[in-house]
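A.B. asks: Before anything else, here's the structure in question.
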Amino acid sequence: MTIKAYSIEGNGTFAQDVPAFAAAIKGAGADIVLAPGVSRAKRSMPAAAMRAGVAIDTNVVAVQAEGEKLTVQRWAYRQRILTTFTRAARPWVILVDPSLFGEICAQLGVTPEAMPSGAAVETRTTMNGVVAAGKGGESTIKPDSPLLFVAGAGWTKKQADGAAHRDEAAATITGFLAKSGASLGSSKSLVDMPEAAAAFSFMSHMNQVGQTGSTPRHAKGLATCCHGEEPHVVGWRFVNERRAVNLDANCGWAQGKTDVLYVADAFAVMKKVNELL
Ligand SMILES: Cc1cc2nc3c(=O)[nH]c(=O)nc-3n(C[C@H](O)[C@H](O)[C@H](O)COP(=O)(O)OP(=O)(O)OC[C@H]3O[C@@H](n4cnc5c(N)ncnc54)[C@H](O)[C@@H]3O)c2cc1C
């Protein structure tokens, strides 16, 4: 049984390493190919072994050779069961724990060689140039903020004067975010609304809180113009101090889902809050 060991150092891309490692495995002419399970090897060696049509095992912590038989050990079930096994397949690539690589090579009496690299990259992709990436806007999602400010679809609805005031709503919301440093959450209804997209360009589906959205972990939450329906409020399960502003005294928040419900016009309330901040 011939055993060949390769040391793997430095960095390499998957595209370059897979053909290089596969060529090394095939060219080694060995029954057993040993290498340390460093991240570079873990990333590319399984694909290289597949390309070379050989067997591979990773995370091996012990190797025992007895004549033509090789037995290896690796942990299973999160280090609960130590398994011992062998394979008849040859060549057999074995990635051992990097910290044990030197010891295992010495025990088997093999001296590692540097893994050949730099094989020609096989790719069908041709690069025509680089398109300038957009600068992107300021993120409204701030996981470290102590406050979650949720905007609901009510901000887009017709108000007491019979008209919708989306630009005013957007200015009030962004004004509050700038002054308070709060993270912006949204209800599904608002981010799903195509007619609100232009005025509310600072929010997207990424802001949606709820059953099919996110479950943020801010200490406090303030919901405005949001009805407080269960599929939304389920996303608040880690927000312990909650307040809501809604015109409807019977909205979902009133059903024990918030500590304080202000039955008020959120346009007026948030404008006053912005003045005070
Ligand atoms: C399978 C499923 C998954 C879902 N997942 C989610 C989810 O992840 N997240 C989510 O949010 N929803 C989710 N929903 C939708 C959810 O049930 C509600 O439809 C949605 O949350 C309603 O959004 P809203 O409260 O903003 O809008 P609306 O229900 O339209 O409520 C608007 C509120 O604004 C109030 N309002 C209007 N004007 C003012 C004003 N000037 N001042 C104060 N209040 C005002 C109104 O009284 C009303 O209560 C899901 C639904 C289903 C069926």
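A.B. asks: Give me the lysines in straight-line cross-link reach of Lys179: C-alpha distance below 26 Å, same-chain residues under 8 apart excluded.
C.D. replies: Lys135, Lys142, Lys157, Lys188, Lys220, Lys271, Lys272
A.B. asks: Shifting gears a bit: Could you work out how far apart the two model spin labels at Gln211 and Ala160 are, taking each label as a point 7 Å from the Cα in the direction of the beta carbon, and quote it in nm?
C.D. replies: Going from the Gln211 label point to the Ala160 one covers 3.4 nm.
A.B. asks: With each pseudo-label sitting 7 Å past Cα toward Cβ, what's the Leu276-Leu108 distance in nm, one decimal?
C.D. replies: So the label points at Leu276 and Leu108 sit 7.2 nm apart.
A.B. asks: Moving to a separate point now. Nearest 0.05, what FRET efficiency do Ile81 and Asn250 give at R0 = 51 Å with Cβ-Cβ as r?
C.D. replies: Details: r = 57 Å, r/R0 = 1.12.
For Ile81 and Asn250, the calculated efficiency is 0.35.
A.B. asks: Now, a different point. Which loop trypsin sites (Lys or Arg not before Pro) in segment 1-80, with loop taken from DSSP, have no more than 10 other Cβ atoms within 10 angstrom of their Cβ? Could the numbers behind the result be given before it?
C.D. replies: Details: sites: Lys4, Lys26, Arg40, Lys42, Arg43, Arg51, Lys69, Arg74, Arg78, Arg80; in loops: Arg78, Arg80.
The qualifying sites are Arg78, Arg80.
A.B. asks: Work from the charge dipole of the chain (Cβ charges, +1 for Lys and Arg, -1 for Asp and Glu, about the Cα centre) and give the residue of Pro146, Asn207, Val33 farthest towards its positive end.
C.D. replies: The listed residue farthest towards the positive side: Val33.
A.B. asks: Same structure again: Let me check I've understood the local charge: for Val269, count other residues with C-beta under 15 angstrom from its C-beta, Lys and Arg +1, Asp and Glu -1. What total comes out?
C.D. replies: Values: positive: Lys179, Arg243, Lys271, Lys272; negative: Glu168, Asp248, Asp265, Glu275.
Residues close to Val269 contribute a combined charge of 0.
A.B. asks: Roughly what angle does helix 266-276 make with the longest principal axis of the chain, taking Cα atoms, 0 to 90 degrees, to the nearest 10?
C.D. replies: It is inclined by approximately 80 degrees.
A.B. asks: With a sphere of radius 15 Å drawn around the Cβ of Ile94, what net charge do the other residues whose Cβ falls strictly inside it have (Lys, Arg +1; Asp, Glu -1)?
C.D. replies: Details: positive: Lys4, Lys42, Lys69, Arg74, Arg87, Arg90; negative: Asp31, Asp57, Asp97, Glu103.
Local net charge: +2.
A.B. asks: Which lysines, if any, have their Cα less than 30 Å from the Cα of Lys26, not counting same-chain residues under 8 positions apart?
C.D. replies: By straight Cα distance, Lys26 reaches Lys4, Lys42, Lys69.
A.B. asks: Give the aspartates and glutamates whose C-alpha is closer than 17 Å to that of Lys158, dropping any in the same chain fewer than 8 places away, or say none.
C.D. replies: Asp167, Glu168, Glu195, Asp248, Asp265
A.B. asks: What's the extension gain from Phe202 to Asn128 if we count 0.36 nm per residue and subtract their Cα-Cα distance?
C.D. replies: 23.4 nm
A.B. asks: Considering the zone a paramagnetic label at Val269 would reach in this model (a point 7 Å from Cα along the Cα-to-Cβ line), which residues of segment 220-244 have amide N under 17 Å from it?
C.D. replies: Answer for this model: 220-229, 233, 240-244.
A.B. asks: So if I place +1 on the C-beta of Lys and Arg and -1 on the C-beta of Asp and Glu, and nothing else carries charge, what would the dipole magnitude of segment 208-260 be about its Cα centre? I want it in debye, nearest 20. If you can, show how the numbers build up before the last one.
C.D. replies: Details: 6 positive and 5 negative charges, 46 e Å.
With only Lys, Arg, Asp and Glu charged at Cβ, the dipole is about 220 debye.
A.B. asks: Separate question: Which whole-Hz couplings ³J(HN,Hα) result when phi for each residue of segment 83-92 is put into the Karplus expression 6.51 cos²θ - 1.76 cosθ + 1.60, θ = phi - 60°, listed in order with x for Gly and Pro?
C.D. replies: 9, 10, 8, 9, 9, 8, 4, 9, x, 10
A.B. asks: If each of Val38 and Asn11 carries a label point 7 Å out from its Cα toward its Cβ, how far apart are those two points in nm?
C.D. replies: Modelled inter-label distance: 1.3 nm.
A.B. asks: Using +1 at the C-beta of Lys and Arg and -1 at the C-beta of Asp and Glu, which of Phe267, Val239, Ala171 has the Cα lying farthest in the positive direction of the dipole of segment 147-276?
C.D. replies: Val239
A.B. asks: Among Gly228, Phe85, Cys105, which residue has its Cα furthest toward the positive end of the charge dipole of the chain, with +1 on Lys/Arg Cβ and -1 on Asp/Glu Cβ?
C.D. replies: Looking along the dipole axis, the top candidate is Phe85.
A.B. asks: What is the Cα centroid distance between segment 75-112 and segment 163-230, reported in whole angstrom?
C.D. replies: 53
Coordinate-derived values only; no laboratory data. Worth saying up front: this structure is predicted, and the values here are computed from it rather than measured. All Cβ positions, even for glycine, are placed from backbone atoms using ideal geometry, and neighbour counts span all protein chains on display.
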